[in-house]
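Student: Dropping a structure here in structure tokens format, bear with me for questions.
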Amino acid sequence: MTTLNRKLLRDVLHLRGQLIAAALVVMCGVASFVTMRSAYDSLLTTQQTYYNEYRFADVFATLKRAPEGLVEEIRRIEGIASARTRVVVGVTLDVPGLDEPATGLILSMPERRQPVLNDIFIREGRYFEPGRNNELLISEAFATANNLDVGARIGAVINGAWEEFTVVGIALSPEYVYEIGSAAMLPDNRRFGILWANRETLAPAFDMQGAFNDIGLTLAHGADEAEVIAQLDEFLKPYGGIGAIGRKDQTSHVFLTSELDQLRTTGTVIPVIFLGVAAFLLHLVLSRLVRTQRDQIAVLKAFGYSDTSVGLHYLGMAMTAVIVGGLLGILLGMWAGSAITEVYTQFYRFPLIRYVAGAGSLSVALLISGGSALIGALSAVRAAVKLPPAEAMRPEAPARFKPGLLERLGFQRFLSTSSRMILRSLERNPFKALLSTFGIALSVAILIIGRYSADAIDVLINFQFEGAQREDATLVFTNPRPSQTRYDLLTLPGVLYAEPFRIVPASLLFAHREKRVGVSGVEPGGELRRIMDMEGAIHEVPISGLMITRQLGEALGAGPGDTLQMEVLEGSRPVKQVVIHRYIDEFLGLNAYMDVKELWKLLGEGGSISGAYLKVDRKMEDVFNQTLKKTPAVSGAMFRRAALDSFNETVAQSQNISRVVMIFFACVIAVGVLYNSARISLSERGRELASLRVLGFRKGEVAFYLLGEQAVLTLMALPLGYGLGWLMLLGLVKGFESDLFRFPLVLSAKTIAFASLVIIAAAIFSALLVRRRIFHLDLIKVLKTRE
Amino acid sequence: MSTEKLHNEKLSVFTARNVSKVYQMGEVEVHALRNVDLDLFEGELSVILGASGSGKSTLLNILGGLDTPTNGTVRYRDRLLHDAELTRFRREHVGFVFQFYNLIPSLTACENVQLVTDVSINPMNATEALKMVGLQERVDHFPAQLSGGEQQRVAIARAIAKRPDVLLCDEPTGALDFKTGVLVLKVLERVNRELGTTTAVITHNSSIADMADRVIRMRSGQIMEISYNGVKALPEELEW
């Protein structure tokens, strides 16, 4: 080891407090990057492998009923590589241990196991035994949520008759990585499940022998998806096809993809902030070091050390922090990455998670942290290099002080001497003060981001479950029923009030753009379900024309006043022109609303309903549930309270984990910045402080002088941090925006108070660390060293 | 007269011609040197004498390649000193001793010397250098564990360890008491005598001038007088 390196080592040991603080920030930056990046890589790899190995289809279509023979004609469409037909039915389930009825979607599988499109992976149990009736495979999410094992028995209403099934296996499918009911806002794995049944036994029960109502396709290499879909739609139109969709519109795939996008967004934004702060800290530590080691730099140069070796020497200091922090960060990130990937499997079901922390990601992590150190160290190292040796020998010219702004304005009467010293020292080096303030403000911002999810969820929950959605249960009929059915619903035990709705699948066209949505026919003056915009204002449906979400309008490129072509994808499939009456800003998705009477007129039907929102007497809930479990016409039932509970159990919990991590990271940054800047002030002013002590100032007064400056910086940083946090939220909300949902831009008083308190606590903590040093200041030694 | 001639026949190591230096100190412009001409001769021990602010340190820094003149030229032997070559020049030819020792506090005595031998072409052994200044017992001590005189001797050991052609000393006894100062001067005299290193000592202490071959007096950035000592005094004979 060269002597210069030995000096490096000892200096590093000497500055360990500050370098550790910087290293910890680097660690957080690298860890957050590796965590999110590796989770992203892992999920992406897992997704791709899963899709490939289990033959996830490219195009999906559902229809009423078509003869099996049609598939031969479909296969002849150019660009189709393979096709598989299925029978898919929605049923009401009676699950042991569950009071309410659950909704199930039964998908047919071939009687004998064979590789098919949208295949299943069997986690436990076995495949069907040929010839045996009433065997079911159930999805893992559903099984786990309901504690169902192989051998469990589930009741279901099959074509009007109550039947009992035996669970023979627990399975997963690439089609349902994310398992959510079609009309649900949140996954509720207890009350919605995917099930698979032997086609030979399922088809007869639903009068689907020799027929299918669902088809999946894979495309040949280079095929034009839009063209295939158009031709397929032509084929399926006479059979009640409601329009095929590509993989990019498949529900589970959309959720998974948007999750991956979010992960990539946060995986970029957060690490950038951390590494920025790390660069800033290293800058602080090194500039101070170069200042205090002026004479040492001079000696090195006087004895012929080149600028390069002096520069590298100080760069080495920064690199030490970065390498230590970087390696720790990689380890921590890999650990947290696999843990987070694990958490994801609660919501996204895969047969096997392949955790990959790719060498690529890891080297990028090291590179960017090294880069941040370089940026941080650059100006300090340049200063060291540029310092002419003879000048370095001379002590620095005394800093120029002048009366501060407040004093110039004539406020000095109100300021004590120490307050004046604090202000002058801040005003003397406003750039440094600004940087420190900025660093602290960044940690305030990170805390705000960390708590944002809680705020957003509060707003969404409050919005959705208190404002818009006020029913106790939602029933969806298997087929549209005449509007008089609403009165039948009132005869169900416990039902106090029913509000019917009509939803039709439709394709909206404007110029060349097309979007498929469910158009909701709404009764004006609805009590249970209200159309609320993001501001919380209630909107009535227009008397004529459509009200669509801004997202839908933008996707179509159409605004209020424009006329859309609306093609209804069921029944007689009428094609009509409708005018967009106005936009509405909603959190969720691509929605279109119109007056239900308008819709009936458009459909050319006397009045039918797809389901109803119900108000149920709490005391009668049990009877209501029991009745519902055996009601054949109902294909699905959703319960508001249950959805809310299950959401709180799962989503909110997983949010807690990331919140705690963010708060920890933000504290590291805050303490890192505050501790470092206080230590630097201490070392720069040791002599000054000792002089004050010699003049008879008490320890507390001297500490006030130094720490007062930190306090001022912290207090200035708070409002700046709120602003920064707001800006970052703005970016994050924009980045998260998708067709599925938008996040509310909220910054609650609770979050501001929380962020402020954490920062103040961090400031007090680092003040205590530094105060110990002030109290142990060696007066004689400090005064004896030369200026 | 004869001694002057004798000196003129010696080889000139440094030749400074018409050297001026102006620098900015805060808001003040300081004329540290005004048109100075000076030669330093091989093997000679010269003392540059002057009050504080007379420009002697600036002159020494320029000769040693720590600083560059605002005007004028400095030659080392036949070579003109260039900005670009100053580092190599210092590394290969010059040893410095400073008033405040300027040891690296995080390195031991021995390591402070090694810092220089690490980058020299033909250095002496670090312990050998420390032995020459009488510190063989204290090689592993950190600067904070050494007295002022000991620290200065480490600094001298550090300066001579690379066997420099010239040794430039800026107030080497300035921070030391009389007894320790003499000890340090003895070391310098010994190095000059035994190794033949051209040595320039700057000081404001006129007593030290008696041990020099040649005395250069400065005031206000100019050389006022150059004189020769027929007989050099030994350091232990000095009094102040």
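Student: Under the definition of Cα pairs under 8 Å and six or more residues apart, what whole-number percent is the relative contact order of segment A:495-616? Don't skip to the end; give the middle numbers.
Tutor: Details: 267 pairs, mean separation 47.0, N = 122.
It comes to 39 percent, rounded to a whole number.
Student: With every protein chain in place, what's the accessible area of A:Val476 (1.4 Å probe, Å², nearest 10)?
Tutor: Rounded to the nearest 10, that gives 40 Å².
Student: So what is the calculated 222 nm ellipticity per residue for the protein assembly as shown, using -39500 (n - 2.57) for each DSSP H run with n of 4 or more, over all residues, to the nearest 500 deg cm²/dmol?
Tutor: Values: 29 runs with 477 residues, N = 1027.
That comes out to -15500 deg cm²/dmol.
Student: Let me ask something else about it. Taking each residue of A:379-388 in turn, how many C-beta atoms of other protein chains fall within 10 Å of its C-beta, and what is the average?
Tutor: Values: counts 0, 0, 0, 0, 0, 0, 0, 0, 0, 6.
If you average over the peptide's residues, the count of other-chain Cβ atoms is 1.
Student: What net charge is computed for the residues neighbouring B:Gly95, neighbours being all others with C-beta under 13 Å from the C-beta of B:Gly95, Lys and Arg scored +1, Asp and Glu -1? Write down the numbers at each step before the final one.
Tutor: Numbers: positive: B:Arg90, B:Arg91, B:Arg158, B:Lys162, B:Arg163; negative: B:Glu92, B:Asp165, B:Asp170.
Local net charge: +2.
Student: Further question: Just report the Cα centroid separation between segment A:112-133 and segment B:162-240, whole Å.
Tutor: A separation of 100 Å, based on Cα centres.
Student: Now, a different point. Considering the dipole of segment A:495-616 built from charges on the beta carbon (Lys and Arg +1, Asp and Glu -1) around the Cα centre, which of A:Tyr497, A:Val616, A:Gly604 is farthest to its positive end?
Tutor: Positive-most Cα among the choices belongs to A:Gly604.
Student: Which residues of segment A:9-46 end up with at least 30 Å² less accessible area in the presence of all protein chains than when their chain stands alone, using a 1.4 Å probe?
Tutor: Buried-area filter returns A:Arg10.
Student: What order, most packed first, do the peptides A:628-634, A:274-280, A:676-682 have when packing is the mean number of other Cβ atoms within 10 Å of each residue? Don't jump to the answer; show the numbers that get you there.
Tutor: Numbers: A:628-634: 18.3, A:274-280: 26.7, A:676-682: 22.6.
Order by mean packing, descending: A:274-280, A:676-682, A:628-634.
Student: Let me ask something else. Relative contact order for chain B: what percent, with Cα pairs under 8 Å and sequence separation of 6 or more? Present the calculation step by step, with values, prior to reporting the outcome.
Tutor: Details: 490 pairs, mean separation 62.7, N = 240.
Across chain B, relative contact order equals 26 percent.
Student: If I fit a long axis through the Cα atoms of helix A:225-236 and take the longest principal axis of the Cα atoms of chain A, what angle between them do I get, 0 to 90°, rounded to 10?
Tutor: Helix A:225-236 and the main axis of chain A meet at about 20 degrees.
Student: When you have a sec, figure out the Kirkwood radius of segment A:121-205 from all distinct Cα pair distances and drop it here in Å to one decimal? Please list the in-between numbers first.
Tutor: Details: mean 1/r = 0.0749 Å⁻¹.
Computed over Cα pairs of segment A:121-205, the Kirkwood hydrodynamic radius comes out at 13.4 Å.
Student: In degrees from 0 to 90, rounded to the nearest 10, what is the angle of the helix A:307-344 Cα long axis to the longest principal axis of chain A?
Tutor: Between helix and principal axis, roughly 30 degrees.
Student: Can you tell which of A:Val634, A:Ser520, A:Val277 lies farthest toward the positive end of the dipole of chain A, using +1 and -1 charges on the Cβ of basic and acidic side chains (Lys, Arg; Asp, Glu)?
Tutor: About the Cα centre, the residue reaching furthest to the positive side is A:Val277.
Student: Please give the peptides A:199-209, A:498-508 ranked by average Cβ packing (other Cβ atoms within 10 Å per residue), highest first, as a rough proxy for protection. Don't skip to the end; give the middle numbers.
Tutor: Numbers: A:199-209: 17.6, A:498-508: 22.1.
With the highest mean Cβ count within 10 Å placed first, the list reads A:498-508, A:199-209.
Student: Can you pull the accessible area of B:Val36 for me, 1.4 Å probe, Å² to the nearest 10?
Tutor: 0
Student: Tally up the carbon and sulfur contribution to the accessible surface of segment A:470-556 as a whole percent, 1.4 Å probe, everything protein left in place. Before the final figure, lay out the partial values.
Tutor: Details: 2040 of 3930 Å².
Carbon-and-sulfur percentage of accessible area, whole number: 52.
Student: Next question. Any idea of the total accessible area buried by the A-B contact, 1.4 Å probe, rounded to 100 Å²?
Tutor: Values: alone 34770 and 11650 Å², together 43950 Å².
The buried area between A and B, both sides summed, comes to about 2500 Å².
Student: What shape does segment A:495-616 take by its C-alpha gyration tensor, where a ≥ b ≥ c are the square roots of the eigenvalues and a/c under 1.5 counts as rounded, a/b above b/c as prolate, and the rest as oblate? Mind dumping the intermediate values first?
Tutor: Working: a/c = 2.00, a/b = 1.23, b/c = 1.62.
Judged from the Cα gyration tensor, segment A:495-616 comes out oblate (a/c at least 1.5, b/c at or above a/b).
Student: What residues have an amide H closer than 5 Å to that of A:Phe212, excluding those fewer than 5 places away on the same chain, when H is modeled at 1.01 Å from N in the peptide plane?
Tutor: A:Ala66, A:Glu68
Student: Continuing with the same structure: Would you mind telling me the share, in percent, of accessible area of segment A:88-207 contributed by carbon and sulfur at probe 1.4 angstrom? List each step's numbers first, then the result.
Tutor: Values: 1860 of 4250 Å².
Of all accessible area on segment A:88-207, carbon and sulfur atoms account for 44 percent.
Student: Where the centroid of each part is defined by its Cα atoms, how far is segment A:208-242 from segment A:344-393 in Å?
Tutor: 50
Student: Ignoring ligands, DNA and RNA, how do A:Phe510, B:Phe178 rank by accessible area with a 1.4 Å probe, largest first?
Tutor: Working: A:Phe510 50, B:Phe178 75 Å².
From most accessible down to least: B:Phe178, A:Phe510.
Student: Per residue, how much accessible surface does the protein assembly as shown expose to a 1.4 Å probe? Answer in Å², no decimals. Before the final figure, lay out the partial values.
Tutor: Details: 43950 Å² over 1027 residues.
Value for the protein assembly as shown: 43 Å² per residue.
Student: Sorted by accessible area (1.4 Å probe), largest first, how do B:Val28, B:Val139 line up?
Tutor: Numbers: B:Val28 90, B:Val139 25 Å².
Output order, biggest surface exposure first: B:Val28, B:Val139.
Student: Determine the shielding of peptide B:115-127 by partner chains: average, over its residues, the number of Cβ atoms on other chains within 10 angstrom of each Cβ.
Tutor: Numbers: counts 10, 7, 2, 8, 9, 2, 0, 0, 0, 0, 0, 1, 0.
The mean count of partner-chain Cβ atoms within 10 Å per residue comes to 3.
Student: Counting only protein heavy atoms, probe 1.4 Å: which residues of segment A:293-330 lose 30 Å² or more of accessible surface in the full assembly compared with their chain by itself?
Tutor: Correct list: A:Gln296, A:Val299, A:Ala302, A:Phe303, A:Gly304, A:Tyr305.
Student: Regarding the protein assembly as shown, what is the average projected area of its C-alpha convex hull, in nm²?
Tutor: Numbers: hull surface 218.9 nm².
Mean orientational projected area (the protein assembly as shown, Cα hull): 54.7 nm².
Student: Let me cross-check A:Lys386: its accessible surface, 1.4 Å probe, with only protein heavy atoms counted, in Å² to the nearest 10?
Tutor: Rounded to the nearest 10, the figure is 150 Å².
Student: What net charge is computed for the residues neighbouring A:Asp562, neighbours being all others with C-beta under 15 Å from the C-beta of A:Asp562, Lys and Arg scored +1, Asp and Glu -1?
Tutor: Details: positive: A:Arg513, A:Lys515, A:Arg550, A:Lys576, A:Arg582; negative: A:Glu514, A:Glu554.
With Lys, Arg at +1 and Asp, Glu at -1, the net is +3.
Student: Additional query: Among A:Asn133, A:Gly735, B:Gln24, whose Cα sits farthest toward the positive end of the charge dipole of the protein assembly as shown (+1 at Cβ of Lys/Arg, -1 at Cβ of Asp/Glu, about the Cα centre)?
Tutor: B:Gln24
Student: Give me the angle, in degrees from 0 to 90, between the Cα long axis of helix A:359-386 and the longest principal axis of the Cα atoms of chain A, rounded to the nearest 10.
Tutor: For helix A:359-386, the angle is close to 30 degrees.
Student: Based on alpha-carbon centroids, what's the gap between segment A:689-732 and segment A:538-594 in Å, whole number please?
Tutor: Computed from Cα coordinates, the inter-centre distance equals 55 Å.
Student: While we're here: What is the mean number of Cβ atoms from other protein chains located within 10 Å of the Cβ atom of each residue in peptide A:541-554, rounded to a whole number?
Tutor: Details: counts 0, 0, 0, 0, 0, 0, 0, 0, 0, 0, 0, 0, 0, 0.
Average per residue, whole number: 0.
Student: Treating chain B as a set of equal point scatterers at the Cα positions, no solvent, please give the Debye-formula log₁₀ I(q)/I(0) at q = 0.15 Å⁻¹.
Tutor: The calculated log intensity ratios at q = 0.15 Å⁻¹ are -1.04.
The values are calculated or read from the model by the stated rules, or taken from the named source; none is laboratory data. What you see is a predicted model, and the numbers here were worked out from it, not measured in a lab. Using ideal geometry, Cβ is built from the backbone for each residue, glycine included, and neighbour counts are taken over all protein chains shown. All accessible areas refer to the heavy atoms of the entire protein, side chains included, with ligands and DNA or RNA removed. Shrake-Rupley method; radii C 1.70, N 1.55, O 1.52, S 1.80 Å.
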